[in-house]
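Participant: So that we are looking at the same thing, I have put the structure below in structure tokens.
Derivation of every value follows stated rules applied to the coordinates shown; laboratory data play no part. None of the values given here were measured: they were computed from a predicted structure. All Cβ positions, even for glycine, are placed from backbone atoms using ideal geometry, and neighbour counts span all protein chains on display.
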Amino acid sequence: METSDTDRIKQRQIHFRDLHPERNDAQTAAALLRGVDGVLGAEVASPILLEVSYDLMHTCLEEIEAALHELGLHLDNSLMFRIKRALHYYTEDTFRENRGCKRGESNCTKRVFAKRYEALEHGCRDQRPEHWRRYL
């Protein structure tokens, strides 16, 4: 069964809480999501609103929001957003199950953490060539 792009490509809005006047969670989230496998675009609409588009065969909204939450960003959890979020999670999970994508097979969360780790300046980089690392 062939899936059209309109069914597979999703555009969603992710709302963040406005906890601090200088806080810009949407900008931080957009920078983290760019280049992640399955995320096609991440545009900042306001300091607390992120518009994201992604391929449902590679990742889903639940995985994206879980990764953002793990990184310390605060999603808006008012009743209306929780209901919308639950509806999106259910429909996307059903779509993926019907297309053969099992839950937990995506590596979106791992890629977000790996990208963040690579961007940080730290002393945990091994400068030796690959063949020397495997020598012992």
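Participant: Would you please give the FRET efficiency between residue 9 and residue 132, computed as 1/(1 + (r/R0)^6) with r the Cβ-Cβ distance and R0 = 30 Å, to the nearest 0.05? Spell out each step's value before the answer.
Facilitator: Details: r = 44 Å, r/R0 = 1.47.
Given R0 = 30 Å and the Cβ-Cβ separation, E is 0.10.
Participant: Can you order the peptides 65-78, 23-36 by their average number of other Cβ atoms within 10 Å per residue, highest first?
Facilitator: Numbers: 65-78: 15.3, 23-36: 18.7.
Highest-to-lowest ranking by the protection proxy: 23-36, 65-78.
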